Amino acid sequence: MDETNHTNKDAEREAADEKMVNEAFERLLESYLNSPHRRKVDIITKAFHFARQAHKGVRRLSGEPYIMHPLSVAMIASAEMGLGSTSICSALLHDVVEDTDYTVEDIETIFGQKVAQIVDGLTKISGGIFGDQASAQAENFKKLLLTMSDDIRVILLKICDRLHNMRTLSSQPSNKQYKIAGETLYIYAPLANRLGLNKIKNELEDLSFKYEHPSEYESIKERLAITEQSRNTLFQEFTAPIRESLDRMGMKYVIKARVKAPYSIWTKMQNKHVTFDEIYDILAVRIIFKPESRETEIDDCFKIYVAINKIYDSHPDRMRDWANQPKANGYQALHVTLMSKQGQWIEVQIRSERMDDIAEQGFAAHWKYKSGEGGGEDTELNDWLHTIKEILDDPQPDAMDFLDTIKLNLFASEIFVFTPKGEMRTMPAGSTALDFAFQIHTFVGSHCIGAKVNHKLVPLSHKLRSGDQVEILTSKSQHVDPSWVNFASTAKAKAKIQAILRRSNREIQKTGESTLREFLEAHGLELTSGAIERLCELHDIDKPEKFYLALGNKTIILSERDIDELLERKAPAATGWRRLVPSFLSGEKKEKERDRQNKGDSDTPALILVTKDFNRKKTFVVNDDNIRRLVFPTCCRPIPGDDILGFIDNKNHIIIHRRDCEVAARLKSSFGNRIIDAKWDMHRRTLFDATLQVTGIDRIGLLNEVTSIISSQFNVNMQKLVISCRDGIFEGIIELRVYDRQDMRTIIEALKKLDDLKEINQIQ
């Protein structure tokens, strides 16, 4: 009897499952047939039956047949993204290769190359972005972008897949919920936003918020429900006169209320440190109209704007013309903020039906409005994909660094800047002049020395604003500087700078390795791992690569001391002439250890301490290694190229003076026994402060010419500029950062050629 009941229950369950699956498939077909795509019902039906058979007997954690997941993903692709038969088939088949014995080749044989290619792309990137193996998952995301750059439908379907997983997340254990919600908020929501999928972006954010902060989510939902009636009243009262005006104009339109999403409300509460009651833009109004033609829709936007502006006063600083200048994700609308009769600011978004489709469905909606079937992707989309391709061209050493680099551009809002010829470029908000240079071309970026923004000279770190006109200044002698990474903000610029530096460093490392090998061979030694480890230890460098780099840059110069140290370690009981050479390293080691103990700040090298063993008769060499361990006074500010001397002060530290310094002159006469000879051995790695005083006859453009010579022509960084004009006389103090005295001489000679600049002096 029990077996019979059990069998009956199984049969009932199977019948219920069969009915549920068939109804879901019918809804999918209905959605597809209501779309503007070509009618390819046969291939969709074929894909459904194939997937159903492949997943037969498998259930999800929720208990429903597994085929319901591919069906749901396909439904999202069709109904919410407006995608066609190829995408729907790929959605139905997206888990077949991963979860069953079928291969990509099988899919290609039955459904064609395009479907197989998309399924293959989705299979490669299955699973999360993070987890225990974060780097491996980030590599998966990289594969996703690689495939996406060939066919945008891969990422669109991956977002559909993620959306359905988020909608059914309650069946997962809590730890899985946090993981999936976290990566959704970090990657998929920004991706949806970047692709213009505004509605899906909001739902992904809200669902993530719901599982990561359930109490806050419920609290905001409750407050929205409580205030719903008052919002409805405000909406009706606010839109009534607008409807009357639009009716008189003969416009075909609908007016909708847009309520701010819980996640957006919560984010604003956190960022602004305000309560729910203090957020005034929870309600917005959308006017969606049907234009007379595609050509008139922007004009119609402004006609509506003029009409409603006669009814309500507008906020002067909160009009956004996305109609003429669409966002990078394709979004188009005219935004205006109006003061209601109740004393509240309300944003009104004016869109055509086409603009509204694009706002909700993003780039997928563009295909509906292309001539011919299937159209092509939007130009802006291609630009973004091109940027991703460029980033992918240069492999990152760390996959997580790559993920962060990509993410820089996913979250960014846009600004509009112009080239000198008036061409408009879209950049992420927060972009610098350096970012703009790399946006134009990698060559321009890697050789830029400065920029002019609105015809004014600015540093490469200058942040751009919407409406700026930017001219990039370049020099063939300029090369990428490591410090650029600190103020580049776009993914493209950072990726290119790091790639160029890596290539450059590899070449320098090769040179350094060759230098070391030749040096050791000249002394009868071989380049071994033990030798390089000992030399790294001797020079306080943690990695061989860094040591090779320092050798290649000539910031480390090998000497007999290095050979002595190697031989001492290699053969303590050395024979021959080597054993007769006295070792002075033990004293140096003690001094080095004493310096470390005296060090107050671990980041600042201890000053050189002159001991009784110090040879005061020997010329002291100032180089890149020891310069931070010396004292440079403000009385004369010596720089490489100046004749210098050293003075041993009461604390036994070495102070470097210019020989013609007045203070040095007194020291020489009073403390001659503490003076030591000193000379430079620098390799243009360290910048020094220098100050110029310029005087001339004031005229328009003179300052621009002075700064242009310094910054543009010679690529010298100006730290400070103080200008005064009185009675037609121009006076200026310019603080510079230069490598050596020759830099100063070159700049002074160039400045002397300027008309009306009469005196140029270096301030001591």
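The values are calculated or read from the model by the stated rules, or taken from the named source; none is laboratory data. Remember, predicted model here, so these are calculated numbers, not experimental data. Quick reminder, even Gly has a Cβ in these numbers, built from the backbone with ideal geometry, and neighbours come from all protein chains shown. Heavy atoms of the whole protein, side chains included, go into the accessibility calculation; ligands, DNA and RNA do not. Shrake-Rupley method; radii C 1.70, N 1.55, O 1.52, S 1.80 Å.
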Test for Asn650: is it part of a helix (DSSP H, G or I) and either free of Cβ contacts under 8 Å to residues at least 60 places away in the same chain or farther than 24 Å from Leu607 by Cβ (or both): no
Give region 184-206 a look and list any residue that's of a type in the set (Lys, Arg) and within 17 Å of Lys260 (Cβ to Cβ), or say none. Lys199, Lys201
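Any idea which residue in region 6-43 is most open to solvent (accessible area, probe 1.4 Å), counting only those that are closer than 25 Å to Gly63 by Cα and in contact (Cβ under 8 Å) with a residue 40 or more places away in the chain?
Arg27
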I'd like the full set of residues that are open to solvent by 60 Å² or more (accessible area, probe 1.4 Å), of a type outside the set (Ser, Thr, Tyr) and in contact with a helix residue (DSSP H, G or I) (Cβ under 7 Å, 6 or more places away or on another chain), limited to region 83-109. Glu98, Glu108
Can you confirm whether region 47-66 contains a residue that is touching a residue at least 24 places away in the same chain (Cβ under 8 Å), polar (S, T, N, Q) and in contact with a helix residue (DSSP H, G or I) (Cβ under 6 Å, 6 or more places away or on another chain)? yes
Quick check on my filter: what residues within region 704-732 are part of a helix (DSSP H, G or I) and either open to solvent by 60 Å² or more (accessible area, probe 1.4 Å) or aromatic (Phe, Trp, Tyr) (or both)? Asn704, Glu705, Gln713
Single residue of region 456-482 satisfying the filter (among the polar types (S, T, N, Q) and assigned to a strand (DSSP E or B)) that is nearest to Gly701 (Cα to Cα): Gln469
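Residues checked against (1) open to solvent by 30 Å² or more (accessible area, probe 1.4 Å); (2) aromatic (Phe, Trp, Tyr); (3) touching a residue at least 12 places away in the same chain (Cβ under 8 Å):
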site: Gln478; (1), (2), (3): no, no, yes
site: Phe487; (1), (2), (3): yes, yes, yes
site: Ile500; (1), (2), (3): yes, no, yes
site: Gly512; (1), (2), (3): no, no, yes
site: His523; (1), (2), (3): yes, no, yes
site: Thr528; (1), (2), (3): yes, no, no
site: Ile532; (1), (2), (3): no, no, yes
Kindly establish whether Glu533 is over 20 Å from Asn626 (Cα atoms), within 39 Å of the chain's Cα centre (by Cα), acidic (Asp, Glu) and modelled with pLDDT of 75 or more. yes
For Gly467, the lone unmet condition from (1) within 30 Å of Phe418 (Cβ to Cβ); (2) touching a Pro at 6+ places or on another chain (Cβ under 6 Å) is (2)
Just wondering, is there one or more residues in region 282-297 that are free of Cβ contacts under 8 Å to residues at least 12 places away in the same chain and assigned to a loop (DSSP other than H, G, I, E, B)? yes
What number of residues within region 242-264 satisfy the criterion of being part of a helix (DSSP H, G or I) and open to solvent by 40 Å² or more (accessible area, probe 1.4 Å)? 6
Residue check for Ser466: open to solvent by 60 Å² or more (accessible area, probe 1.4 Å) and among the small types (Gly, Ala, Ser): yes
Considering region 619-634 alone, what residues qualify as being open to solvent by 50 Å² or more (accessible area, probe 1.4 Å), touching a residue at least 12 places away in the same chain (Cβ under 8 Å) and part of a loop (DSSP other than H, G, I, E, B)? Thr619, Asp625, Phe632
With respect to Gly467, is the statement that it is at positive phi, within 26 Å of the chain's Cα centre (by Cα) and of a type outside the set (S, T, N, Q) true? yes
Of Val104, Val96, the only residue that is among the β-branched types (Val, Ile, Thr), more than 30 Å from Arg354 (Cβ to Cβ) and free of Cβ contacts under 8 Å to residues at least 40 places away in the same chain is Val104
Scan Ile125, Ile118, Ile155 and give me the residue that is out of contact with any Cys (no Cβ under 8 Å at 6 or more places or on another chain), crowded, with 21+ Cβ neighbours inside 10 Å and at pLDDT below 60. Ile125
So if I check each of Ala451, Ala493, which one is open to solvent by less than 40 Å² (accessible area, probe 1.4 Å), modelled with pLDDT of 80 or more and assigned to a helix (DSSP H, G or I)? Ala493
Would you be able to say whether some residue in region 265-272 is in contact with a helix residue (DSSP H, G or I) (Cβ under 6 Å, 6 or more places away or on another chain), crowded, with 19+ Cβ neighbours inside 10 Å, at pLDDT below 85 and not in a strand (DSSP E or B)? no
Considering every residue within region 300-317, establish whether at least one is assigned to a helix (DSSP H, G or I), polar (S, T, N, Q) and within 27 Å of Pro241 (Cα to Cα). yes
Using beta carbons and a limit of 6 Å, which pairs, at least six apart or on different chains, have the first residue in region 674-697 and free of Cβ contacts under 8 Å to residues at least 60 places away in the same chain and on the phi > 0 side of the Ramachandran plot and the second one of a type outside the set (Val, Ile, Thr) and not in a strand (DSSP E or B)? Arg684/Tyr739
Please verify whether Ala323 is surrounded by 15 or more Cβ atoms within 10 Å (Cβ to Cβ) and in a loop (DSSP other than H, G, I, E, B), treating the condition exactly as stated. yes
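Scan region 56-65 for residues that are under 15 Å from His94 (Cβ atoms) and either exposed (fewer than 11 other Cβ atoms within 10 Å of the Cβ) or within 41 Å of the chain's Cα centre (by Cα) (or both) and jot them down.
Listed by number, the list holds a single entry, Arg60.
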